[in-house]
Amino acid sequence: MRKSRHGGNAHQADGAAGSDWNAQPVRPNAIIWFERLSLAAWIADLLNVLTTPEIARVVNGTDDAGAAIVIFGSLIVTLALIFRVSRWRSRLAKWILIIFTLILLIGNAPLVLARMDWSAILVGLTIRAIQLLALALLFTPSARAWLAGQRNSKSPEALGRTFE
């Protein structure tokens, strides 16, 4: 069994040892699932880009490095925004991520018009749907309170996570 920094078992409540318990508030389940779904969509998007050559042609008109830079740059920016929201409570990053995702969603329209393979279109739209579901989790009451820095110690979510 893993030992905690206070010498007890890791499953013991850290609050028994002092004020460290208040320093790291527990992330609500909505934020945890936002992070999981966002990362799953990010990995699927990366694999979709790597396996679909038509994406590069639609983005930049040819198969050149410029399209790859734009696509992979957007993936890196998205990953950074996901971590800013889920780990650092950044409300600004939340709104930037929402706007960026909507731009990427609108960016899928030329892929449909380019008459790509229907399987690639469906994969791309499924990825965007997962991203929209993850973003919707940011508007749950527990996620909004967590992002605002509020702490609701009476919520069943926080109480249940205290004893893990």
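The values are calculated or read from the model by the stated rules, or taken from the named source; none is laboratory data. Everything quoted here is computed from the prediction, not taken from an experiment. Note that we place each Cβ from the backbone using ideal geometry, even for glycine, and neighbour counts take in every protein chain shown.
Give Ala80, Ala41 a once-over and let me know the one that is modelled with pLDDT of 85 or more, within 24 Å of Pro141 (Cβ to Cβ), part of a helix (DSSP H, G or I) and small (Gly, Ala, Ser). Break it down stepwise before answering.
Numbers: Ala80 fails: within 24 Å of Pro141 (Cβ to Cβ).
Checking each option against the conditions leaves just Ala41.
For Val112, the conditions (1) at pLDDT 90 or above; (2) surrounded by fewer than 16 Cβ atoms within 10 Å (Cβ to Cβ); (3) touching a Leu at 6+ places or on another chain (Cβ under 9 Å); (4) within 25 Å of Leu46 (Cβ to Cβ) are fulfilled apart from (1). Of the residues making up the range 119-164, those that are at pLDDT below 95, part of a loop (DSSP other than H, G, I, E, B) and among the aliphatic types (A, V, I, L, M) number 1.
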